[in-house]
Structures are given as C-alpha cells and as structure tokens.
Amino acid sequence: MKRYYQPEIETASPEQMRAWQDERLVKQVQHVWDNIPFYRKKMEEKGLTPADIKGVDDLKKLPFITKDDLRECYPYGLLGKPLKDCVRIQSTSGTTGKRVGAFYTPHDVDLWEDCCARAITAVGGTEEDVCQVAYGYGLFTGGPGMNGGSHKAGCLTLPMSSGNTDRQLQFMTDLGATILCCTPSYAAYLAESIHERGLRDQIKLKAGIFGAEAWSEEMRRDIEKQLGIKAYDIYGLTEITGPGVSFECEEQTGMHVNEDHFIPEIIDPNTGEVLPDGVKGELVFTSITKEAFPLLRYRTRDICVLSRKKCSCGRTLIKMAKPMGRSDDMLIIKGVNVFPSQVEAVLLEQGYPANYQIIVDRVNHSDTMEVQVEMTPENFSDSLAKITAMEKNLVVALKTMLGIYAKVKLVAPKSITRSEGKAVRVIDKRKI
C-alpha cells in the first residue's frame, strides 16, 4: 500500500520542517504587511514591523485574528492578492452574522489539493480506488477540496455532493466505491440505509474520511462496524483552507497537521498564553503558504491537544487530537461546561444510536436541559414502565458524565430528522 503522497515532506526531519516554517513565516508576514492594510494596522498597534519576526519563535508576538475580524473585513478586507489573480472563493455557512469568504489563487488551490491528496493516500487511496465524495459542493469547502485531492491521488472520483441517498447508493454499488468522504452523521445515515435495503454484501468500501462536524470514538467504531471499513478523521476550516489542514493515518490516534503550510499553536482561551504540547487549550493556526487569504494566528475556537509523540506510520508531522469541543459553541448550563460530544459518548456507550437532540431552555430564571434520544428497533417498547426505566438509567449516566441533571426523553426509531449535511444537535431556546 502506498503510504505517502509527498514523502519528502510528510517524513521530513524536525530541523527541515522548522527551517521551512521559519522561512515561510517571515515571507508571509512581509506579504500581509505590504498588501493588507488591516494586518499592517494590527501590527502597528502592537508596535511591530516585519523586521521583528525572524522565525517561528517570534510568532507569539503577532496579534490574533478572530472570526469577528473576518466578518468585519468581509468581503475584500483581508484579500492578499489582486482580485484578478484569484480563481476561487469558498464560504462558511453563515449560520450567525455575515458569511466569511475565503479566496484562492491557482497556487492556493494547488497546495490545498495536495493536502487533501495526502489524506486520501494515508487511508490507502491509489489510482486503483474509486473515491465517492459526498460532502457538499458549491461554496462549502468539503466537496471541492476532497474532489481535487482525489484527482491528485489518482482515484476515480465520484463527485456526488451531499443528499439524494438513493443515487448515492446506486453509484456506490454500480461503480464499486472503495473510499467514502462525507460527514460522520451522513456516513451513519448511509450505513443505516444500506442495511435497510439489504445492500451490505454489494458494498466494496474499505475506508471512509469523515469530518466537518464533531464525532466520538464510539460513533467511529459504530460506523466501522456497520460499513465494514476503517473510519478516518479529517480536519479543516474554510478560513484556513478547507479540509486537509490535518488528517488521520492508519494509527488513528490523532490527525497529522500539514505543518509545512499551517503552523499550529495551543493557547489558553481566556488569556491567550501559548501552552506547551500535551496541554489542552484552544487551537490557533497560521497559514504560511496561502497567497490570497493568508490568516496569521487565527483562533479556531476548537479545543484540543498537540503531540510530538512518534507515530508508527512514519510521518513526522505534529498531531492534533480530535477536537474536544469548541470554546464558543460550548454550552454553559447551570454554570457547567457541556459539550455535545460528551452526551453522544454516553448514548453510544449505553447502546443508543447517534441520533439525538439537546434542547436547552430557561424556565423561571433556571436553565433546563432535555436530551431527546431515538430508541433502536431492538430496544423499542410501547411499555411505559420499561421506557421510564430506560430514561432513568440514561439520566444517571448523563449526570455521571456531565455533573448536572438532564431530562431524557426516549422517542421512536427514526423520529428525529436525519441529516444529509451537518447534524443539528443543539437547540438553545434561552434568551441570553
């Protein structure tokens, strides 16, 4: 099996990687100073000039960039190249406030596709494979990024986009797809649909690359079991480039960051202090090769850990753990920090599917939390006493995990709306 797409980079010595990073960071800081007035002003406010940044050791001197800055500068305020040099724009979903648009030169697209090709090759993708891309296309980065990466890895690419499950399964079986790329919630939905239609024996999938939303280890194992594959994580965000910022290898113990393009840091989300490897905090990225939309020290709000522990796959790229939640999407209920991934872990451990919704409200100035959970066909019952007992067991398990009481409501199988994109896990009705 081919292990690396660009072995000279993926297995480079730490000294070589640091040399690339130092050189590229210095060049990038000069680039944004010369071409983006917003950055020049930010640096001047801190008394900085490009001459103050001589390498990665000086990265901490630079100001942070946040999503609020991106919205404030929309659409062209952070453009680092003339518009005539740009060939692509991608955008976030815009669920709150203004959209965030990211621009790409041909060079940017080329490097982005390299990163995605590394991810596909890491799961065994070669010119012998059929890669079914069921991430959304259009402004969402998932489809276009993995599409280009699949081409570079040499796979036959099925550009399915998301949704239309009947068509997904038709092409998956007719063309013998071996690699599936989509959100984990849609992978679970496809697995359910495959079993319902009795197609399990016709599926040739060997690997899946799933990202764009949080998912637990329990959900990973469930998908692997249902589809008979190895399920790999991939990480990315539109602001930095899209999928392929980091990717999982065969070891499945974290995602290798493509640090020849993106320098990661972990900071204390409250103070901004840079934390050492192995300490949990907020993930920050600096793009050192992007031309059109170069972000320096962008606060992702994702909470995770970085590790330099040697990997059995042979890659020397630093690893980031699966994000453990988000500092901004984190729910604070009765003063307690709650992440949806914690709820999911409990449900899967107790034998329930990853189809649930968390409903948070405020009644008489007090927070309430209800978790609606689908029963499986196996544990479905019309006995009120049995359902009540099952709900009480989940209440206890959730209290143990979260430290607070959450009401549990068990609902009939398939009564919670299935997702063909990102699953809506939280409904927060509080007026905060």
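Read-outs throughout are calculated quantities, based only on the coordinates presented, and are distinct from any laboratory measurement. Nothing here was measured: the structure is a model prediction, and the numbers come from that model. Every residue, glycine among them, receives a Cβ derived from its backbone with ideal geometry; neighbour counts consider all protein chains shown.
Key figures for this structure:
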quantity	calculated
DSSP bridge orientation in the chain - percent antiparallel, rounded to nearest 5	60
Shape box of region 234-361 [Cα atoms, principal axes, largest first, Å]	44, 34, 28
Normalised alpha carbon radius of gyration of region 22-161 [divisor 2.2 N^0.38 Å]	1.24
Gaussian network model of the chain, Cα within-10 Å springs - most flexible of D85, D222, D174	D174
Alpha-carbon Debye profile of region 13-86, log10 I(q)/I(0) at 0.20, 0.27 Å⁻¹	-0.92, -1.25
Cβ-defined net charge surrounding L48, 13 Å radius [Lys, Arg +1; Asp, Glu -1]	+4
Cross-link pairs K204/K319; K407/K429; K46/K280 - those with Cα-Cα distance over 19 Å	K204/K319; K46/K280
Cβ-based net charge around T289, under 12 Å, with every Lys or Arg adding one and every Asp or Glu removing one	-4
Region 329-432, relative contact order [Cα under 8 Å, separation at least 6], %	34
Which listed pairs, of K152/K290; K334/K386; K61/K152, have C-alpha distances above 26 Å, in listed order	K334/K386; K61/K152
Relative contact order, percent, the chain [alpha-carbon distance under 8 Å, six or more residues apart]	14
Aspartates and glutamates whose Cα lies under 18 Å from that of K310, excluding same-chain neighbours fewer than 8 positions away	E8, E10, E15, E248, E250, E251, E259, D260, D277
Share of Cα-Cα pairs in region 154-269 lying beyond 26 Å, as whole percent	23
Amide N proximity, region 218-249 versus R3 label position 7 Å along Cα-to-Cβ, cut-off under 14 Å	249
More than 16 Å apart - percent of Cα-Cα pairs taken over region 331-428	55
Using distinct alpha-carbon pairs, which all enter the 1/r mean, Kirkwood radius of the chain in Å	22.8
Listed residues C313, C304, C155, most fluctuating in the chain (Gaussian network, C-alpha, under 10 Å)	C313
E217/I359 FRET efficiency (R0 35 Å; Cβ-Cβ; nearest 0.05)	0.90
